[in-house]
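Student: Questions regarding the structure given below will be posed in turn.
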Amino acid sequence: MTTPPEGPLRGKPSRLHIAAVAVWVGESAFSLVVALVVTGMHWPIGLGAFTALLLTILIRFLRFRWRLEPDAVVIEEGMLIRKRRVIRRERVQTVDLERRILHRILGVVEVRIEAMGAGGTEGTLAAVTPRLATALREELLEGRQAHQGTSERLPEHGVPEPSQVPEAARETVLARATPGDLVLAGISGGRVGVAAALIGFLFQTIPETWWADSVGRILQQAPDPSSVIGIRVLAVLVVFALLGGFFLSVVATVFVHWDFTLTVRDRILGVRRGLLTEHSDTVSLRRIQAVRIEENPVRRLLRRASLRAVVAGRAGGSGGEGTDLLLPIGPRDQVYDLARGIMGMAGTGAFPLRRMPSRARRRRMARAVMASLAVGAGAALLLPALLEVRATVAGSLGAAMTLIPFLLLAELAYRNLGWAELGDHVVVREGVMNRRTTLLPVGRLQALEITQTPFQRLARLGTLHLRVARPLMGATPRALDLDRKEAGDWQEALAGQVVARTTETGALRGPRFGRS
Amino acid sequence: MDTAVEPETLEEPPRSETGLPRKLDPRVRTYWWVRGGIRAVVIAGIAAVVDVGLFLPRILPDRLPTGVFAGGVALVLLALAAALPPIAYARWRYALRERDLWIRRGILLRSVSVIPYRRLQFVDTEQGPLARLFGLAELVVHTAAPGTSGRVPGLDAEDAERLRERLAHLEPDHDDPT
């Protein structure tokens, strides 16, 4: 293994770092253990399997060659069937680096090359030296920009990249999530918190004896004192299990996002994160179609928010929902400034949004009333079969108990709606509990569509869908329940601007960052 | 073939634009009628199989006499197939405006789309066997946003070809400011 580190970058076919063998063995260790267990720990069989595995991995290592050619990365591999994969440079979208625990012990990095049009990772280099990995990434992402204007014209934008700013070549840290904030993110984030709160609420409201009775009935035991005690123990265990799960999810959030650092360099955003497995991902500013600020009620109270990017072409690596996570949690003001900076929008702080007409509120209220009536009807039909209540009582109780919460949710949903056109940018906001504010440059719009359901038509409202080159899984940004006439005017105005401002969008002008 | 019509509501594109809204080719109604009829017959056929399978062997006794279920399905579908095409036709408008394609459609769920020509990635025409009998074709425009945002059915096949050629050869960035 004495190839000079830059060998493959100069077109010399090279092997991976020898550590790849260890990495591959580590990856197969689990199936090996399973195989051993299945064969009843019979050690000669285990030894045979291990030798066979080691041999295949060795051959795989010996057969693997990769090199960077002027216009493509070439990977050749395969034992019996030789595979040759050519990833053309202009199709490369991101080069992500990952270091799992074994990589870190052995001092190597895994490189994943993602390309346009491919569903996932197009090429993986299981282990190379960190120096080579960084050099390859820079070569692929920056060399690509040098070829700008000839082959590199992403169809979704239809705009060439403006000339490079030399001073942008240094890496700048834009944001960093603090450990305290990450714990907060774990506690306030997502489904686990909601589920735990719901279960806690259930445990508080429903009398213990009811649990004992019903579980007892399910177990087909008479609810005698001894079994009631047993069930109480069970209930306590369940609570502990839930608390444990909650705690674990907080720990997981902190581990996964540990030292989350967002940087910018040469118009490419970098995300580094992870305690046990280190990730280092990139996304080109040019590919970011929109950014989304997410605030759930807990985070709103704590003045925290998270930031995601809607990225063309790829279903987000770290986002899951067709978006890339740019910051899991951060102070609200900083997140808003960051969103503005990334989308090239002037000013600081939250966006001055316009409200939807009050007919949109009435529509939500009417829907809430209908929903609670439906709950009442459901209760009237189902409850008398289970409990000793009359249908009328169950029905009116069901409706009455849900009406106030539903109306509150409707009011919340209405208040979270908003829209604004701010210079070259459009902002839309929606969400019942989790408020999502989407910011996008007008130049990123692909098409504009107004839709109207029959109910919206009655209220003279319409929804304006702002179609961008988003990943398939993501949601289209939209302005829900605009006044129909206003929606039409806005649609026309925006369509005109799409044409006029294509080459002038803020996102292409480079980030302006007030503070970081 | 195409008939220019006057703007009538706020859903019409502004008059100042060059392309006035057009209706689809009138033949599309007949095409929709025939297509709807065929679909109704096929689905009613499936319903008839279910009908015979369920009610004849008395799996569901004391319910409906054989034939009522299938007949009901056929009636409803045929009624829809007969009633919807004229409404859809009356509602459909498209306009080739100076800088974008404007489409209005939808009976219950209404929509108005604006697709700037500069955002077109590729333009197709589609023609099924039935549409070919009527000499009709569908124009489909694709942007980088997923899901085809623009379909104009019921164009005269030759018109559709001409349109496709015209849209496909629009230089996307020809009038850049700067």
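FYI, it's all coordinate maths here, none of it is from the lab. Note that the coordinates shown come from a computational prediction; the quantities given were computed from them, not determined experimentally. All Cβ positions, even for glycine, are placed from backbone atoms using ideal geometry, and neighbour counts span all protein chains on display.
Student: Give, in nm to one decimal, the length gained when the segment between A:Leu353 and A:Ala391 is fully stretched (0.36 nm per residue of separation minus the Cα-Cα distance).
Tutor: Details: separation 38, 0.36 × 38 = 13.68 nm, distance 4.63 nm.
Result for the pair: 9.1 nm of gain on full extension.
Student: Gain in length, A:Met370 to A:Leu412, computed as 0.36 nm per residue apart minus the alpha-carbon separation, to one decimal in nm? Write down the numbers at each step before the final one.
Tutor: Values: separation 42, 0.36 × 42 = 15.12 nm, distance 1.70 nm.
Gain on stretching A:Met370 to A:Leu412: 13.4 nm.
Student: Sequence neighbours fewer than 8 away in the same chain don't count; with that in mind, list the lysines whose C-alpha is under 23 Å from A:Lys83.
Tutor: Result set, ordered by chain and number: A:Lys12.
Student: Based on a Kirkwood Rh over C-alpha pairs, give the Stokes-Einstein translational diffusion coefficient of region A:386-476 at 10 °C and viscosity 1.306 mPa s in µm²/s.
Tutor: Working: Rh = 16.5 Å.
So the translational diffusion coefficient is about 96 µm²/s.
Student: Strictly greater than 19 Å: what percent of every Cα pair in region A:318-459 meets that? Please report the intermediate quantities before stating the final value.
Tutor: Values: 6636 of 10011 pairs.
That tail contains 66 percent of the Cα-Cα pairs.
Student: Going out from 0 in 10 Å bins, what whole percent of all Cα-Cα distances in region A:14-125 drops into each bin?
Tutor: In order of increasing distance, the bins hold 13, 35, 34, 14, 4, 0 percent.
Student: Averaged over its residues, how many other protein chain Cβ atoms are within 10 Å of peptide A:484-491's Cβ atoms? Write down the numbers at each step before the final one.
Tutor: Details: counts 4, 2, 0, 2, 8, 2, 0, 5.
That average works out to 3.
Student: I would also like to ask the following. How about region A:409-458: which trypsin sites (Lys or Arg not before Pro) there are in a DSSP loop, with at most 13 other Cβ atoms within 10 Å of their Cβ? The partial results should precede the final answer.
Tutor: Details: sites: A:Arg415, A:Arg429, A:Arg435, A:Arg436, A:Arg444, A:Arg457; in loops: none.
Here no trypsin sites (Lys or Arg not before Pro) fit, given the DSSP loop and packing criteria.
Student: Continuing with the same structure: With 10 angstrom as the radius, rank B:Arg29, A:Arg364 by how many other C-beta atoms surround their C-beta, starting from the fewest.
Tutor: On the way: B:Arg29 17, A:Arg364 23.
Least crowded to most crowded, the residues run B:Arg29, A:Arg364.
Student: Another question about this same structure. If each residue of separation counts as 0.36 nm, what is the full-extension length gain between A:Ala235 and A:Leu62 once their alpha-carbon separation is subtracted? It would help to have the intermediate numbers written out before the result.
Tutor: Details: separation 173, 0.36 × 173 = 62.28 nm, distance 5.66 nm.
Extending this stretch completely gives an extra 56.6 nm.
Student: Would you mind counting up the charge near A:Arg67? Only other residues with Cβ under 9 Å from its Cβ, with Lys and Arg at +1 and Asp and Glu at -1.
Tutor: +1
Student: Right, here's the next one. List the lysines whose Cα sits under 24 Å from the Cα of B:Lys23, skipping any in the same chain fewer than 8 residues away.
Tutor: The reachable lysines, counting only those whose Cα sits under 24 Å from B:Lys23, are A:Lys485.
Student: Rounded to the nearest 0.05, what FRET efficiency do B:Arg162 and A:Thr134 give with R0 = 60 Å and r taken as the Cβ-Cβ distance? Could you check?
Tutor: Details: r = 54 Å, r/R0 = 0.90.
Once the sixth-power term is evaluated, E becomes 0.65.
Student: Using every Cα-Cα pair within region A:337-399, state what percent have a distance larger than 14 Å.
Tutor: 69
Student: Hey, another quick one. Tell me the net charge near A:Pro13. Cut-off is 12 Å between Cβ atoms, A:Pro13 excluded, with +1 for each Lys or Arg and -1 for each Asp or Glu.
Tutor: Details: positive: A:Arg10, A:Lys12, A:Arg15, A:Arg63, A:Arg65, A:Arg67, A:Arg84; negative: A:Glu69, A:Glu76, A:Glu77.
That sum, taken over residues with Cβ under 12 Å, equals +4.
Student: Within a 10 angstrom radius of each residue's Cβ in B:120-133, how many Cβ atoms of other chains show up on average? Whole number is fine. All intermediate terms of the calculation are to be shown ahead of the outcome.
Tutor: Numbers: counts 3, 5, 1, 0, 0, 0, 0, 0, 0, 0, 0, 0, 0, 0.
Mean shielding count: 1.
Student: Starting from region A:59-118, pick out the chymotrypsin sites (Phe, Trp or Tyr not before Pro) whose DSSP state is loop and whose Cβ has at most 14 other Cβ atoms within 10 Å. The partial results should precede the final answer.
Tutor: Details: sites: A:Phe61, A:Phe64, A:Trp66; in loops: A:Phe64.
Nothing satisfies the criteria.
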